[in-house]
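Take a look at the structure below.
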Amino acid sequence: MRTIAVVNQKGGCGKTITSINVSAFLARAQRRVLLVDMDPQGHATLGLLGKTVPPSKTMYEVLVQGSGGNRAVLRDIIHSVRENLDVAPADILLSALPETLAGLVGRENILSDAIGCVAGDYDYLVVDCPPNVGLLTFNALKACSEAIVPMDPSFFSLHGIGKLLETFDVLARETGHHIAPRVLVTLYSGRSPFVKAVVDEIRHHLDGRHFQTVIRYSVKLAEAASHGVPIADYCRRCAGFEDYQTLAAEVLQQEAELLEARPATTPASTREAGAGDDWLLPSAPAATPEGVLFAIEAVGATHVQLAGDFNDWASDGSDMEPIGGVWTKVVKLPPGRYRYRYVVDGQWQNDPLNAVVEPSPYGGHDSILVVDDAGSPAHAN
């Protein structure tokens, strides 16, 4: 399951419109999509469910913890919008969450824990974040591995994007959780030389971290949201329809690139084990351009972590990301010899796809990984 946060601390940049319409077009492409509304304004909920009877339970009930630690289950609050598209609604109660959870250890990981129960039900999880960088947004970022950053082409937006990217860097440095952000230019009007200059500046300074697609200004997008429907159900002959359809195609192209980049050395027995339709298969550690890819199949698990010599066997920042029933994490490792294990729902285990193990001083066995000078892993003594 790909997890994508749609985030910008600046309001009025088309964030919720993007969340709604990229989700809808992915669903039209036969991908199972869950849109999680994490904005207390509940605009994504309103933009998909319309002015219907307010949901009896929302993300507030999922995220809040009572004295006994009981929470509503995410699956229980989900509303079906149409084929392949569901929404987990929000309302103004979410604004009380930071105060309600003040002092709670691990409060920034609650959404990560909550989505585990639906990881096998969807191909995409899209999170509409509030227009600020607080507890709700940090929960979304910790739960997601990618981010779409909508940005209207203005001077203040250009300045704010730099600050937001710094936030991603802080998150990676403090927690070890990495986000792959891409900036999306929205509300574009090519009539102004200044607007064109801002877009050129984005493409120059954010090489490889922006979408090629540009979302043009279209009043039809706002009209569709006011009717509680995506643009595809409101107007198919407008710039908004064309642009979000193109954006979804670009997101799907990234999916194809991930498919091509998956390890080619996956054992045939794994391919026959029922994971053949997933777009990432479990394997022994494999080299990628970003680092060493660790992947383990743990269908039904709610929390999987990677621990080893490279992170001092610490659990903080070691969370793996679910993609279907396969959990993954990419780690940059210098040449050397490493011990590692997986922690699946609190249970430590060695890598079932790496035959090279050594007894652990704490019981059981540690898997052994050797990274050569080229950055490629070898599973040998």
Across segment 217-259, the tally of residues that are within 25 Å of the chain's Cα centre (by Cα) and either over 18 Å from Asp86 (Cα atoms) or not assigned by TED's automatic domain parsing to the domain that holds Pro150 (or both) stands at 20
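Which of the strands (runs of 3 or more DSSP E) found entirely inside segment 146-243 contain at least 3 residues meeting this: in contact (Cβ under 8 Å) with a residue 40 or more places away in the chain?
146-151, 180-188
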Need the failing condition index for Leu135 against (1) over 18 Å from Tyr60 (Cβ atoms); (2) more than 14 Å from the chain's Cα centre (by Cα), just the number.
(1)
Residue, nearest to Leu49 (Cα to Cα), within segment 89-122, restricted to residues that are touching a helix residue (DSSP H, G or I) at 6+ places or on another chain (Cβ under 8 Å) and of a type in the set (Gly, Ala, Ser)
Ala90
Elements of type helices (runs of 4 or more DSSP H) in segment 12-116, at least 1 residues being more than 19 Å from Ser226 (Cα to Cα):
15-28, 59-63, 74-77, 97-100, 110-114
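Please indicate, with yes or no, whether at least one residue in segment 200-216 is within 25 Å of Glu146 (Cα to Cα) and among the small types (Gly, Ala, Ser). I'd like the intermediate steps shown before the answer.
So the first thing to find is which residues in segment 200-216 are within 25 Å of Glu146 (Cα to Cα), and the list is 200-216.
If we keep only those that are among the small types (Gly, Ala, Ser) too, we end up with 208.
Yes: segment 200-216 contains one or more residues that are within 25 Å of Glu146 (Cα to Cα) and among the small types (Gly, Ala, Ser).
The values are calculated or read from the model by the stated rules, or taken from the named source; none is laboratory data. Please read all numbers here as calculations on a predicted model, not as lab measurements. Methodologically, a virtual Cβ is constructed for each residue, glycine included, from the backbone with ideal geometry; neighbour enumeration extends over all protein chains shown.
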